[in-house]
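This report refers to the structure that appears directly beneath it.
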Amino acid sequence: MKLATFNINNVNKRLGNLLPWLEEAEPDVVCLQELKCEQAAFPAKEIAALGYDAVWKGQRSWNGVAILAREAEPVLTHDALPGDDADTQSRYIEAAVKGILVGCLYLPNGNPQPGPKFAYKLAWFERLIAHAAGLAETGLPVVLAGDYNVVPTDFDIYRSRSWTDNALLQPESRDAFRRLLDQGWTDGLRQLHPDRPLYTFWDYKRERWSRDAGLRLDHLLVAPSLSARLTAGGVDRAVRGEEGASDHAPAWIELDL
């Protein structure tokens, strides 16, 4: 099974980037973030024409998450991250697909920090850690994939001082990610490629794409019951270089099921 995560950064605006990638890469499951469209505006018909069923939670202007499944029907289990009924931001969706439970997440950016946005990021992260702990305890085959908005280590970013104060690199953000892994989750891309940076995001500014000044923000975490089944993974970098591309590239893993 091939599972991918892709921050599409406006699904309708970049449908011309998404559909050719789906057709060529043929992932079995895709987690999309930053749909930037209302629920009724999601391009389900165009995606279905390529053989994908979907569940999604849209949101006007910002956020929005979706799970696509090729030749399968995803069974929705959550359309929000548990732990705060007052949180209306569309950042988490979860579904069962072909015997795997898939959580798709778009963790808050947190900038500027310090401030209320960073506090929201950390609070959201704590809710994710709590929910993930419950999932890990079940022993079920689970993958938590998405834009975590965290650079786990200095190895996951190009050599630069310009990001020092950014919420993506703060000790609190990195500590939360480590505590998530400490539950037994495997960072799929890092496990498969321990010696490669594997950037997934290149900012539009300052020619960061052309300079390969990237960050690894998109992660696929695999539950303990699946870690031994990881067989391949990577980043489809070429998608980032297309005309009108998202500032993220799709990241993916394969599991031998």
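Overview of results
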read-out: Electrostatic dipole magnitude of the chain [Cβ: Lys, Arg +1; Asp, Glu -1; Cα centre; debye, to 20]; value: 640
read-out: Pairwise label distance in nanometres, His193 with Glu71, each label 7 Å out on the Cα-Cβ vector; value: 2.7
read-out: Local electrostatic count, Gly83, Cβ distance below 15 Å [Lys/Arg +1, Asp/Glu -1]; value: -3
read-out: FRET efficiency for Asp79 and Ala25, using Cβ-Cβ distance with R0 set to 25 Å, rounded to 0.05; value: 0.45
read-out: Probe 1.4 Å, accessible area per residue of the chain, Å²; value: 44
read-out: Prolate/oblate/rounded call for the range 103-223, Cα gyration tensor, a/c under 1.5 rounded; value: oblate
read-out: Under Karplus coefficients 6.51, -1.76 and 1.60, residue-wise ³J(HN,Hα) of the range 37-44 in Hz, glycine/proline x; value: 8, 5, 3, 6, 8, 5, x, 4
read-out: Selected from Asn10, Asn111, Ala54, residue furthest toward positive end of dipole (the range 8-149; charges at beta carbon); value: Asn111
read-out: Net charge over other residues, Cβ less than 11 angstrom from the Cβ of Val97 (K, R count +1; D, E count -1); value: -3
read-out: Mean Cβ count within 10 Å, highest first, over the residues of peptides 195-208, 7-20; value: 7-20, 195-208
read-out: The range 129-257, dipole about Cα centre (Lys/Arg Cβ +1, Asp/Glu Cβ -1), debye to the nearest 20; value: 300
read-out: Label-point gap, in nm, between Arg178 and Glu243 - each point 7 angstrom along Cα→Cβ; value: 4.6
read-out: Calculated FRET efficiency for the pair Arg229/Ala44, C-beta based, R₀ 30 Å, to 0.05; value: 0.50
read-out: Per-residue [θ]222 nm for the chain (sum of -39500 (n - 2.57) over DSSP H runs n ≥ 4, rounded to 500); value: -6500 deg cm²/dmol
read-out: Calculated from backbone phi, Karplus (6.51, -1.76, 1.60) coupling profile of the range 242-257 in Hz, x at Gly/Pro; value: 6, 5, x, 6, 5, 7, 10, 10, x, 10, 8, 9, 10, 10, 8, 9
read-out: Reach of Lys57 by Cα under 28 Å, taken over lysines that are not fewer than 8 positions away in the same chain; value: Lys2, Lys13, Lys36, Lys45, Lys98, Lys117, Lys121
read-out: Part-to-part distance (alpha-carbon centres) for the range 101-125 and the range 210-226, which is given in Å; value: 17
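The values are calculated or read from the model by the stated rules, or taken from the named source; none is laboratory data. What you are looking at is a predicted structure, and each value in this text was computed from that prediction instead of being measured. In this analysis, Cβ positions are derived from the backbone assuming ideal geometry, glycine residues included, and neighbour counts consider all displayed protein chains. Just the protein is used for accessible areas: all its heavy atoms, side chains included, with ligands, DNA and RNA removed. Shrake-Rupley method; radii C 1.70, N 1.55, O 1.52, S 1.80 Å.
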